[in-house]
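Student: Got a structure here, written out as structure tokens. Questions coming.
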Amino acid sequence: QVQLVESGGGLVQPGGSLRLSCVSSRSIISRFVIGWYRQAPGKQRELVATITTGSSTNYGNSVKGRFTISRDNAKNTVYLQMNSLKPEDTAVYYCKAALGPENYWGQGTQVTVSS
């Protein structure tokens, strides 16, 4: 059974930083496209960032220049470094692994940006 485990969420003040981690098995992290998505209350889930096995990255418009996605295959982990956080970044952040018709989601981690 595929498991994706997110961690690193929490409460941070506007302008602050957090780093999220998504850990899975080696066969998932090294072979799948890994993405971070988020869902705020009352809103649809939206793309934050993705990273391919070749480390090509893609970002949602609202986070470009502030967030950075990276992968460490040796640690079976994909990271999301979030800087210059804004209240509108408040959401549950989910990790997703995708390869063809296969898609797997983590349970999510809450990020709250508030003073």
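Student: Cα atoms only: what Rg and Dmax, in Å, come out for the chain?
Tutor: Radius of gyration, then largest Cα-Cα span, for the chain: 13.3, 41 Å.
Student: Residues of the stretch 60-100 with amide nitrogen under 12 Å from the 7 Å Cα-to-Cβ point of residue 26?
Tutor: 73-76
Student: Expressed as a rounded percentage, what relative contact order does the chain have, with Cα pairs under 8 Å and six or more residues apart?
Tutor: Working: 278 pairs, mean separation 42.2, N = 115.
Result for the chain is 37 percent.
Student: Ignoring ligands, DNA and RNA, what accessible area per residue does the chain give at 1.4 Å, in Å²? Spell out each step's value before the answer.
Tutor: On the way: 6000 Å² over 115 residues.
With all protein chains present, the chain gives 52 Å² per residue.
Student: Roughly how big is the chain's charge dipole about its Cα centre, with Cβ charges of +1 (Lys, Arg) and -1 (Asp, Glu), in debye to the nearest 20?
Tutor: Details: 12 positive and 6 negative charges, 27 e Å.
It comes to approximately 120 debye.
The values are calculated or read from the model by the stated rules, or taken from the named source; none is laboratory data. The model shown is predicted, which means the values in this text are computed figures rather than measured ones. When we count neighbours, we look across all protein chains shown, and the Cβ atoms used for this are built from the backbone with ideal geometry, even at glycine. Please note that ligands, DNA and RNA were not included when accessible areas were found on the heavy atoms of the full protein model with its side chains. Shrake-Rupley method; radii C 1.70, N 1.55, O 1.52, S 1.80 Å.
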